[in-house]
Structure formats: C-alpha cells, structure tokens
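Please read the structure below before turning to the comments.
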Amino acid sequence: MNIKWILILSTSLICMSMSCAYADEEQDQAEQEQVIKPDVHRRDIIVPKIDTEDFEITAFYGILDIEDFGSEPVYGARFAYHVTEDFFVEATYAESEISDESFRRLGLPLFQQENEDVEYYALSVGYNIFPGEVFLGRDIALSSSFYLIAGVGNVEFIGEDEFAYHIGFGLKILPTDWLSTRIDVRDYIYETDLLGENEFTHNLEATFNIGIFF
C-alpha cells in the first residue's frame, strides 16, 4: 500500500513539473513575439575638433564701410592665441582706402588725392558664446562657434592717427582640425574732424577669413 501511494505521488510531481516547464516555455515565446525590433540606420558622423595647438594665423578679405566716405575693399591678417576653449586674444592688421569722390563731385575735395590709404591695427579679446556643430548633408558634422569680440587699436589715414575701439561678432566653422573659416563683422569707432568738427564715426567691416592652427 505504501508503494502505491509513493508511485501516485511521484507521478503527480512529474506531471506538475512538466506542466510548469511547458507554461514557462509558452510565456517566453509570447514575450519574444511581442518584442519590436526597430530597423535603425546609424550614421557615422565625423566631428573635427580644434587642433591641440593654441595659435591661429588668419588671412581675410572683405568690405570696409567708412562713415560719410563709402565702402572700399579691405584685406589683412590676424594672429590669435586661444587661451582656453572659450577665450582667445587676437591681433589684427588691415589695409584699405578712403575716397572723397562724392565730395569732389560737389567741388569740395577734402584730400590731395581722390583715394588715400588707410591702415589700422587692433588688439582684441574674443569669447566663444555658442559652440556647436553645423551639418553638411546627413553624414558630415563640422565643429562651429559663434563668438563675440571687442578691443582697441589705431586707425591711420591722411596724416591722422586716431585711437579706435571696436565691437563685433562672427561665426567660425572648422572643416578640419587645423583649418578654420569664418565670417566676421566689426564696428570700428573713432573720433575724427575730417568734416570740420569732432565726431565719433561708426565704420563697419565685414570679412571672410581663412586660418590655420599651429
């Protein structure tokens, strides 16, 4: 009699184990069928970084609008030292022209010659206020930064040497880790008496710049 009950109990335990295993297998299969496998295409994005070197030399060309005297081409060079990722100091030298053509048409020439040379140099401090990226298509991302800049310097023309200060902004884009391009806008402010009385003039400069890090 004891053997009979032992057989019955063993048989029951085996059936219960098989039922549980089958139930677990059905649950696992159901969970696997509910999982959604999204087909995501991952892009390989190459983001150039600023080179580890801190010095940058830049050549630029653009337009200088001298108040009351019109716009003339301007060109020059900049030399910058990047103190940190956010701050940099920069020296600028540029050449342009100033023309009194509009006054000569009225019979009021102001200069000995219609076009006179203009030279100016400045020392600036810049701050990268919005570092980020720009995208070319879907697969290329280039490092960029929007910066503010201000400084002081001198403007020399027609025998005058005027102290000037400037403020401006620009957008820099890095195609590679050693090459930089940027669009730069600055307002050079100085006091002059070319028209008979001392007044502060605003002289806008817009340039395209190409630089290298070394």
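Where a number appears in this text, it was derived from the coordinates with a stated rule and is not lab data. The structure presented is a predicted model; accordingly, all values stated were derived computationally and were not measured. Don't worry about glycine lacking a Cβ; one is built from the backbone with ideal geometry, like all the others, and counts go over all protein chains shown.
How large is ³J(HN,Hα), in whole Hz, for each residue of segment 58-65 in order, when computed from phi with the Karplus curve 6.51 cos²θ - 1.76 cosθ + 1.60 and θ = phi - 60°, using x for Gly and Pro?
Running phi through 6.51 cos²θ - 1.76 cosθ + 1.60 with θ = phi - 60° gives 9, 10, 9, 8, x, 10, 10, 9 Hz.
Across segment 83-100, in residue order, what do the Karplus-derived ³J(HN,Hα) couplings come to in whole Hz, using 6.51 cos²θ - 1.76 cosθ + 1.60 with θ = phi - 60° and x for Gly and Pro?
Working through the residues one at a time gives 5, 9, 5, 9, 10, 8, 10, 8, 10, 10, 10, 9, 10, 7, 9, 10, 10, 9 Hz.
Taking a label point 7 Å from the Cα of Y81 along the Cα→Cβ vector, which residues of segment 124-138 have an amide N closer than 14 Å to it?
From segment 124-138, the list is 124-126.
Which trypsin sites (Lys or Arg not before Pro) does segment 137-214 hold that lie in a coil by DSSP with at most 11 other beta carbons within 10 Å? List each step's numbers first, then the result.
Numbers: sites: R138, K172, R182, R186; in loops: R138.
For trypsin sites (Lys or Arg not before Pro) across segment 137-214 that sit outside H, G, I, E and B with at most 11 neighbouring Cβ atoms in 10 Å, the list reads R138.
Roughly how big is segment 55-213's charge dipole about its Cα centre, with Cβ charges of +1 (Lys, Arg) and -1 (Asp, Glu), in debye to the nearest 20? Numbers along the way, then the final one.
Details: 7 positive and 30 negative charges, 179 e Å.
Charge dipole, segment 55-213, about its Cα centre: 860 debye, nearest 20.
Please give the direction-averaged projected area of the C-alpha convex hull for segment 141-214, in square nanometres with one decimal. Numbers along the way, then the final one.
Details: hull surface 24.5 nm².
The number I arrive at for segment 141-214 is 6.1 nm².
Could you list E197, E162 so that the one with the fewest beta carbons within 10 Å of its beta carbon is first and the one with the most is last? All intermediate terms of the calculation are to be shown ahead of the outcome.
On the way: E197 7, E162 16.
By the 10 Å Cβ count, ascending: E197, E162.
How far, in nm, would the chain grow between E199 and A59 when pulled straight, counting 0.36 nm per residue and subtracting the alpha carbon separation? Before the final figure, lay out the partial values.
Numbers: separation 140, 0.36 × 140 = 50.40 nm, distance 3.14 nm.
Working it through step by step, the gained length comes to 47.3 nm.
Per residue of segment 155-171, in order, report the coupling 6.51 cos²θ - 1.76 cosθ + 1.60 (Karplus, θ = phi - 60°) as ³J(HN,Hα) in whole Hz, putting x for Gly and Pro.
For segment 155-171, the Karplus-derived couplings read 10, 10, 6, 6, x, 9, 10, 9, 5, 9, 10, 9, 9, x, 8, x, 10 Hz, x marking Gly and Pro.
Net charge around L171, counting only other residues with Cβ within less than 14 Å of its Cβ (Lys, Arg = +1; Asp, Glu = -1)? Mind showing how you got there, number by number?
Numbers: positive: K172, R182, R186; negative: E133, D184.
Once all neighbours under 14 Å are counted, the net charge is +1.
Would you calculate the separation in nanometres between label points at F208 and E119, each defined as 7 Å from the Cα along the Cα-to-beta-carbon direction?
My value for the distance between the label points is 2.8 nm.
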